[in-house]
Amino acid sequence: MSLSDPLGDMLTRIRNGQHARMSVVVSPASKLRTNVLEVLKREGFIRGFSEETLRPGVKNLKIELKYHEGEPVIKQIARVSKPGRRVYSKIADLPRVFNGLGLSILSTPRGVMSDNEARAANVGGEVLCRVF
């Protein structure tokens with residue numbers, strides 16, 4: 001089965017897994033998904049993730065979801081830039097998510113990074129998703 005939006009699929013798996021109170025969700029692996037998960041781990045929204053090889057050339061990501069006092073840490077996770085409508089932002093035009101409590105994940109010329117890291121590096125790019 002081919003997906004038109006693999007990153008959106010992974011975000012939906014995370015959202016559904018948190019709603020069902022699962023401890024681990026599995027998603028097919030790719031470089032973009034791995035980079036987004038690294039940002040989520042660095043910012044403290046997930047416990048961690050690991051890559052497992054099913055057979056040569058096919059890998060899965062096991063994503064460990066994080067909870068605080070029984071409630072999911074991720075309250076909201078939404079795809080911003082979609083295959084049918086790409087959303088780009090200059091760093092000056094990038095709004096703060098929930099007044100700084102959330103974050104945007106951007107794909108910049110310097111790699112995938114959070115909005116705070118992009119502001120520090122003074123680079124804009126494609127707004128992949130917003131997390132709160």
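Numerical summary
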read-out: Complete set of residues in the stretch 41-61 that are farther than 16 Å from PRO6 by Cβ and within 14 Å of the chain's Cα centre (by Cα); value: LYS41, ARG42, GLU43, GLY44, PHE45, ILE46, ARG47, GLY48
read-out: Sole exception among (1) charged (D, E, K, R); (2) open to solvent by 80 Å² or more (accessible area, probe 1.4 Å); (3) touching a strand residue (DSSP E or B) at 6+ places or on another chain (Cβ under 9 Å) for LYS66, by number; value: (2)
read-out: ARG42 open to solvent by 100 Å² or more (accessible area, probe 1.4 Å), out of contact with any His (no Cβ under 9 Å at 6 or more places or on another chain), at pLDDT 95 or above and closer than 23 Å to GLU126 by Cα; value: yes
read-out: For ARG55: the one exception among (1) under 29 Å from VAL123 (Cα atoms); (2) exposed (fewer than 13 other Cβ atoms within 10 Å of the Cβ); value: (1)
read-out: Residues that are in a helix (DSSP H, G or I) and not charged (D, E, K, R), drawn from the stretch 14-60; value: ILE14, ASN16, GLY17, GLN18, HIS19, LEU32, THR34, ASN35, VAL36, LEU37, VAL39, LEU40
read-out: Residues that are hydroxyl-bearing (Ser, Thr, Tyr) and modelled with pLDDT under 95, drawn from the stretch 1-39; value: SER2, SER4
read-out: Condition met for PRO72 (over 16 Å from LEU128 (Cα atoms) and open to solvent by less than 90 Å² (accessible area, probe 1.4 Å)); value: yes
read-out: Single residue of the stretch 85-96 satisfying the filter (at pLDDT below 95 and either part of a loop (DSSP other than H, G, I, E, B) or in contact with a strand residue (DSSP E or B) (Cβ under 7 Å, 6 or more places away or on another chain) (or both)) that is most open to solvent (accessible area, probe 1.4 Å); value: ARG96
read-out: Test: residue in the stretch 61-80 that is outside any strand (DSSP E or B), hydrophobic (A, V, I, L, M, F, W, C) and out of contact with any Phe, Trp or Tyr (no Cβ under 6 Å at 6 or more places or on another chain); value: yes
read-out: Residue match in the stretch 123-131 (condition: at pLDDT 95 or above, over 24 Å from SER30 (Cβ atoms), not in a strand (DSSP E or B) and not acidic (Asp, Glu)); value: no
read-out: Candidate set from the stretch 101-116 (those that are outside any loop (DSSP other than H, G, I, E, B) and without any contact (Cβ under 8 Å) to a residue 40 or more places away in the chain); member that is surrounded by the most Cβ atoms within 10 Å (Cβ to Cβ); value: LEU106
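The values are calculated or read from the model by the stated rules, or taken from the named source; none is laboratory data. Note that the coordinates shown come from a computational prediction; the quantities given were computed from them, not determined experimentally. Don't worry about glycine lacking a Cβ; one is built from the backbone with ideal geometry, like all the others, and counts go over all protein chains shown. Areas reflect the complete protein model, heavy atoms only, side chains present, ligands, DNA and RNA absent. Shrake-Rupley method; radii C 1.70, N 1.55, O 1.52, S 1.80 Å.
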